[in-house]
Protein chains: 2
Amino acid sequence: MENYSKLLDRLKEITHLGRAGAVLGWDQQCYMPPGGAEERSEEFAVIGKFTHELFTASETQKLLEGAEAEVTNLSPDSDERLTLRMVRRDFDQAVKIPSALVSELAREEGLAHEIWVKARQDSDWKQFAPKLEKLLDLSRQKAEYLGYTDRIYDALLDQYEPGRTSAEVETVFNNLRPGLVKLVHDIAAAPPISDACLRRDFDEDAQKAFSEYVIGRLGYDFTRGRQDKAVHPFCTSFGRNDVRITTRYEKNWLPSSLMGSIHETGHALYEQGFAPGDDGSPLSNSASLGIHESQSRLWENIVGRSRSFWNIFYPELQQRFPGVLDNISLNDFYRAINRVEPSFIRVEADEVTYNLHIMLRFELEQAMMDGSLKVADVPEAWNEKMRSYLGIVPENDAQGCLQDVHWSAALFGYFPTYSLGTILSAQLYEKAIKDNPAITTDLENGAFESLLEWLRTHVHRPGRRYLPAELIERICGEPAQSHSYLNYLNSKFGALYGLS
Amino acid sequence: MENYSKLLDRLKEITHLGRAGAVLGWDQQCYMPPGGAEERSEEFAVIGKFTHELFTASETQKLLEGAEAEVTNLSPDSDERLTLRMVRRDFDQAVKIPSALVSELAREEGLAHEIWVKARQDSDWKQFAPKLEKLLDLSRQKAEYLGYTDRIYDALLDQYEPGRTSAEVETVFNNLRPGLVKLVHDIAAAPPISDACLRRDFDEDAQKAFSEYVIGRLGYDFTRGRQDKAVHPFCTSFGRNDVRITTRYEKNWLPSSLMGSIHETGHALYEQGFAPGDDGSPLSNSASLGIHESQSRLWENIVGRSRSFWNIFYPELQQRFPGVLDNISLNDFYRAINRVEPSFIRVEADEVTYNLHIMLRFELEQAMMDGSLKVADVPEAWNEKMRSYLGIVPENDAQGCLQDVHWSAALFGYFPTYSLGTILSAQLYEKAIKDNPAITTDLENGAFESLLEWLRTHVHRPGRRYLPAELIERICGEPAQSHSYLNYLNSKFGALYGLS
């Protein structure tokens, strides 16, 4: 196994270098002074260049081929074979794209970001459209290099959700859409819920202390991570033993930091939970962005917005913000934190409307990619879908098709992973309580270990051994499906809004 | 100039990679959770390996030789020639030491650190002695590879103070020692000064706010840097536009953070002050550790412990700590912050006794290196010199020869740069006010720009164009000398202690 072992050593070096880059990214968003930006982008470029060169070098190819020859007699389910399958997948993809295209995309993304910021400020799609055309064109080229069987969009989706096709995602979404639209409609007709209590004055230090208390209770290990303040909340990992999250505080909107922290903790628990024996191996990675999102959504929504969760934590919350929530009952608070309201901005959407925002983007992206939707016509198409799915129409493009950063970074194919994750969160949770019914009682008692242990066993420790579809099939004995999620929504929000 | 330009591009990449490593170091000391330590050391190792490989590669040599041929017709004082002189120096040194020795030293240093920590805890030299023997032996090998003309110690000193010999340093120290010892003696016989007022309760947040106010006034640019909390104060740079400092707060010892911040700001002003046109070039570096320390000492002591400085800042200090210093006059405070007292621990020493601590180490290091002092005899030799220079003898080795981390990291030859810097601070300051007498008045008025501008012009912007001895000769028209420093001390402390 000499080649295998040498290959893994080489990959470890690439991993360490990549993680060094991740530390730079964390610093950039948390602490870097403004003056550091220019030099930082040079550091990213150099690290990106070296990691790419090292990975695509002929030496890597030689070791990979040698290693593949060494493991032919091992079981296909051996770690060695599983490892090499993923490395082969990554290698074949990495060498397909010409370096010149990688550089051009990186350069155009850099330029597009500034233009998008300005266009959003001015709420002027026309400013952004030419750059988007360019990025779409380069992404089409990239997709052609990567290759696909059915739709061009599949090649891009595959980068974030390996092995999944857009037709599969479409089926899942098509099964979900009618039920979602009906639920939104029914809720709109029901007596509204107020979330005014969440908009009172919440001291930032107390918010920080409370959210750290909560995520510590959920199982986030502060000796192997930390939480900092950043403009955009995110989770980043420099290996299983240093997984950091960030949050932002809004004095007059409690959920921003609190629910955001629980969301990022879901991501962090996944990364902190990879198998210790996999340290430094390609298996010590997430299966996909969708699986990642299933963890964050599960903890944020299914656990963190449940009545049993607030049964446990609401008295503590009231105590930590003296006088602020004295006249708000647990039930009022629970209803407030689950208020459903069609809105324009995806990142602020509730559990029910969120996926409709994603479906809209998934459909527009595909249409742009296959050429059936012209960039100039995106605002109109966007607004039409908003009307049809959510019954509201943005007043301007800043509230509409210019709101997300993703397209300016050429992240086509990324959005569907958000919904896939959301849908999977319910499917996985359903399986967890079927496997271990005590989890429900444990959660009611504020004991999160049994749920976490189930996730550790079935999702976290396997790491990147399987493609996301394989992983779900292994865990649930069925492919990804949306009825678990729809059942969850109908049951929870039916009760909340008194629907029949 | 094709080779020259390609060489500089290559060196830039190495610089960016090295700076990425510096960011990791900063994070490790400021924010990294304990779990991150193991992975971090792997990241350092990989970055260290790649930078070393890239720099010593035959491609670098080829470009360097080609570039040298391209610049032969340029003036020796052209930036191109000055640049290549330094690159040649670094390259020749880097390729002289076999990789195996570099690795062995790194490994032994890693091991020695833990052993030193334990030995210092137990105050037991015998525990540390065998490791020190080993490190001395490897350092001797390293010195032999590097080469030297006169003493073996010169090869090691040259790493921190390029071009300086130990004989030169010895001359400077020999000229300083008698005057210093006499001054210590005279002060011991004078009525003592109390520093009790510095040991009152100083709120940490107020300390932070005040020290940031002070260093901002001195010229530290917070848009190109930041100050964080760390166990050990330090300054680190990721290029001229991101130069960070750290500090530690002691509630009952005001100078720890306040004077420490000013010290680190001295380092930071140097790094922030490199010429903008040198960005990314090997010239955008400090001339030596001694020159670096001249900047920190100048701002900390000559400026920050002067009466005119506290004339300006003392009322503000009193105001920011309400009630704490109400009954302390400016004069009492000024005397307290300049109290002289022979003490065991170098890092806590005052301006007068500090250099005696360094001379002791310089002498012992040389004797260990040339074999005239056995490692087993270090404690006795240490204590004897403490008695002779400072009139006090440590009660144990923790207070004596085990106090510093340097030897456990094989940093032989490093200590003298602290004293060289201290001595140079007075020599440079003397020249500054000779060149621009208005500086004195400006400082009395709390205007620091004229002093900073003089330093920018003569020390900072030249960066690494010259060897430290050349730089001092160019600025002062004379070599490094100690009488400026001795005059400064005699005049300041003569007045403070009422000496005749």
- Task: Note down the nm distance, to one decimal, between modelled labels 7 Å out along Cα→Cβ at B:PHE91 and at B:ALA209.
- Result: 5.5
- Item | Which of A:PHE202, B:PHE321 has the fewest Cβ neighbours within 10 Å, and the rest in rising order | B:PHE321, A:PHE202
- What is the Cα centroid distance between the range A:106-161 and the range A:201-247, reported in whole angstrom? 32
- Expressed as a rounded percentage, what relative contact order does chain B have, with Cα pairs under 8 Å and six or more residues apart? 20
- Which distance in nm do the two modelled labels at B:LEU330 and A:ASP122 give, with both placed 7 Å along the Cα-to-Cβ direction? 5.6
- Query: Near the amide H of B:ASP228, under 5 Å away, which other amide H atoms are found, from residues 5 or more places off or on another chain, if H is placed in the peptide plane?
  - Reply: B:ILE245, B:THR246, B:THR247
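Roughly how large, in nm² to one decimal, is the mean projection of the convex hull of the alpha-carbon atoms in the protein assembly as shown? Intermediate values should be presented prior to the final figure.
Details: hull surface 180.1 nm².
Averaged projected hull area, Cα only: 45.0 nm².
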- Label geometry 7 Å along the beta-carbon vector: A:ASP92 inter-copy distances in nm: 5.4
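Nearest 5 percent is fine: what portion of the DSSP beta bridges confined to the protein assembly as shown is antiparallel? Walk me through the numbers on the way to the answer.
Details: 6 of 12 bridges.
The antiparallel proportion sits near 50 percent.
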- In whole Hz, what ³J(HN,Hα) sequence does the range A:61-72 give by Karplus (6.51, -1.76, 1.60; θ = phi - 60°), x for Gly and Pro? 4, 4, 5, 4, 4, x, 5, 4, 5, 6, 9, 4
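Please state the relative contact order of the range B:13-169 as a whole percent: Cα pairs under 8 Å, 6+ residues apart?
Working: 80 pairs, mean separation 20.6, N = 157.
Result for the range B:13-169 is 13 percent.
In whole percent, what relative contact order does the range B:2-96 give with Cα contacts below 8 Å and a gap of six or more residues? Before the final figure, lay out each step's value.
On the way: 50 pairs, mean separation 36.8, N = 95.
Averaging sequence separation for qualifying contacts and normalising by length gives 39 percent for the range B:2-96.
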- For the range A:125-500, report the translational diffusion coefficient in µm²/s to the nearest whole number, using Stokes-Einstein at 10 °C, 1.306 mPa s, and a Kirkwood Rh over Cα pairs. 74
- Query: If you build the Cα gyration tensor of the range A:2-96 and take the root of 5 times each eigenvalue, what three semi-axes come out, in whole angstrom, biggest first?
  - Reply: 33, 13, 10
- Taking the label point 7 Å from Cα along the Cα-Cβ vector, the copy-to-copy distances for A:ARG307, listed from shortest in nm with one decimal, are 7.8
- Note on the structure: In whole percent, the Cα-Cα distances of the range B:103-234 spread across 5 Å bins from 0 upward as 2, 7, 9, 9, 9, 11, 17, 17, 13, 5, 1
- Task: Going by C-beta contacts inside 10 Å, put A:VAL243, B:VAL117, B:VAL340 in order with the fewest on the left.
- Result: B:VAL117, B:VAL340, A:VAL243
- Query: Okay, helix-only estimate at 222 nm for chain A: each DSSP H run of n ≥ 4 adds -39500 (n - 2.57), divide by all residues, round to 500 deg cm²/dmol; what do you get?
  - Reply: -20500 deg cm²/dmol
- Message: Just to confirm the numbers: A:GLY25, label point 7 angstrom along the Cα-Cβ line, distances to the other copies in nm, shortest first?
- Response: 2.5
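Taken together, the values in this text are just the output of simple stated rules run on the coordinates, not laboratory data. No experiment lies behind these values; they were computed from the predicted model shown. Cβ coordinates were reconstructed from backbone atoms using ideal geometry, including for glycine residues, and neighbour counts include every protein chain displayed.
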